[in-house]
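> Have a look at the structure that comes next, please.
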Amino acid sequence: MDAQQTIKQQVTSNPVVLYMKGTPHFPQCGFSAMAVQILRACGVEEFFSVNVLDEPEIRNGVKEYANWPTIPQLYVNGEFVGGSDIMREMYESGELQKVLAKQAA
């Protein structure tokens, strides 16, 4: 399976997916740490994460998959949501909580 197929499988078979640098317990960049904090603030304790530092083909592939140049990247129900700045803006407006509530329904 190539990187694009792997990414598609990951985002469609898990309700919440975060491509990040590091792990949720040990983020290795400030933007990834902020993304994890935002998800936890929204009540999402369990989510599928991919440490792109361990998987260079996924790191490059996910940028192509969403046509988004930066990491982290959040997907909910197979849909690309955005990076940490968009996550923060959506969280502050209450929109992210609504998107994440739909995945639990």
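The values are calculated or read from the model by the stated rules, or taken from the named source; none is laboratory data. Keep in mind that what you see is a predicted model, and the values were worked out from it rather than measured. We place every Cβ from the backbone using ideal geometry, glycine too, and count neighbours over all the protein chains shown.
> Considering only residues that are among the hydrophobic types (A, V, I, L, M, F, W, C) and in a helix (DSSP H, G or I), look in the stretch 57-69 and name the one that is surrounded by the most Cβ atoms within 10 Å (Cβ to Cβ). Show your work before the answer.
Initial filter on the stretch 57-69 (among the hydrophobic types (A, V, I, L, M, F, W, C)): 58, 62, 66, 68.
With the extra rule that they be in a helix (DSSP H, G or I), the set shrinks to 58, 62.
Numbers: ILE58: 20, VAL62: 26.
Only one residue tops the list, namely VAL62.
> Starting from residues that are assigned to a loop (DSSP other than H, G, I, E, B) and of a type in the set (A, V, I, L, M, F, W, C), keep the ones in the stretch 27-53 and report whichever is farthest from ILE86 (Cα to Cα).
If we filter the stretch 27-53 for residues that are assigned to a loop (DSSP other than H, G, I, E, B), which is where we start, we get 28-29, 42-47, 52-53.
After this cut, where a residue has to be of a type in the set (A, V, I, L, M, F, W, C) as well, the list is 29, 42, 44, 47, 52-53.
Working: CYS29: 17, CYS42: 14, VAL44: 17, PHE47: 18, VAL52: 19, LEU53: 22 Å.
Taking the candidates together, the pick is LEU53.
> Restricting to the stretch 10-48, name every residue that is closer than 11 Å to PRO72 by Cβ, out of contact with any helix residue (DSSP H, G or I) (no Cβ under 8 Å at 6 or more places or on another chain) and either of a type in the set (Asp, Glu) or surrounded by 15 or more Cβ atoms within 10 Å (Cβ to Cβ) (or both).
If the condition is that a residue be closer than 11 Å to PRO72 by Cβ, out of contact with any helix residue (DSSP H, G or I) (no Cβ under 8 Å at 6 or more places or on another chain) and either of a type in the set (Asp, Glu) or surrounded by 15 or more Cβ atoms within 10 Å (Cβ to Cβ) (or both), then CYS29, ALA33, VAL36 are the ones that fit.
> So, of the residues in the stretch 39-68 that are small (Gly, Ala, Ser) and under 13 Å from the mean Cα position of the chain (by Cα), which turns out to be modelled with the highest pLDDT? Give the derivation first.
Quick first cut of the stretch 39-68, residues small (Gly, Ala, Ser) only: 41, 43, 49, 61, 66.
Restricting the remaining residues to those that are under 13 Å from the mean Cα position of the chain (by Cα) gives 49, 66.
Values: SER49: 97, ALA66: 93.
It comes out as SER49.
To keep it simple, each residue is scored yes or no on (1) surrounded by fewer than 18 Cβ atoms within 10 Å (Cβ to Cβ); (2) at pLDDT below 95.
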{"position": "ILE71", "(1), (2)": "no, no"}
{"position": "LEU74", "(1), (2)": "no, no"}
{"position": "VAL81", "(1), (2)": "no, no"}
{"position": "ILE86", "(1), (2)": "yes, no"}
{"position": "GLU89", "(1), (2)": "yes, no"}
{"position": "GLY94", "(1), (2)": "yes, no"}
{"position": "LEU100", "(1), (2)": "no, yes"}
{"position": "GLN103", "(1), (2)": "yes, yes"}
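> If you don't mind, another one. How many residues does the stretch 30-58 hold that are over 20 Å from GLU92 (Cβ atoms) and either among the small types (Gly, Ala, Ser) or in contact (Cβ under 8 Å) with a residue 40 or more places away in the chain (or both)?
The qualifying residues number 4.
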